[in-house]
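Structure, as structure tokens:
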Amino acid sequence: NESISIYLFGSDSPTLDRLQNQLKIKFPKLQIAGVQPSLFRRLNQEESLQMIDRIKQSGAGITFVGIGCPRQ
């Protein structure tokens, strides 16, 4: 459904930039509600809650997580 926006979480900023560009080319109507690179470490409870709130506030219907195993 083209009306569902997505949120991209994980990886690093350059990779997320390339991914966004490719997604916009392949799916011009895709709505990207937000993007956040990984901090490449385990988040503490406060950081986790802030991240969850940021994703919820974005209004995204689907969140794609790319942080690798075993953290993902």
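In summary, ILE32 fulfils each of the numbered conditions (1) without any contact (Cβ under 8 Å) to a residue 40 or more places away in the chain; (2) open to solvent by 50 Å² or more (accessible area, probe 1.4 Å) with the single exception of condition (2).
Of all the residues in the stretch 35-60, those that are of a type in the set (A, V, I, L, M, F, W, C) and in contact (Cβ under 8 Å) with a residue 40 or more places away in the chain number 3.
Here ASP17 does not qualify as touching a residue at least 24 places away in the same chain (Cβ under 8 Å) and not hydrophobic (A, V, I, L, M, F, W, C). Within the stretch 33-47, being among the polar types (S, T, N, Q) and assigned to a helix (DSSP H, G or I) holds for one residue alone: GLN45.
The values are calculated or read from the model by the stated rules, or taken from the named source; none is laboratory data. Keep in mind that this is a model prediction, so the values were computed, not measured. Methodologically, a virtual Cβ is constructed for each residue, glycine included, from the backbone with ideal geometry; neighbour enumeration extends over all protein chains shown. These accessible areas exclude ligands, DNA and RNA; they are computed on the full protein's heavy atoms, side chains included. Shrake-Rupley method; radii C 1.70, N 1.55, O 1.52, S 1.80 Å.
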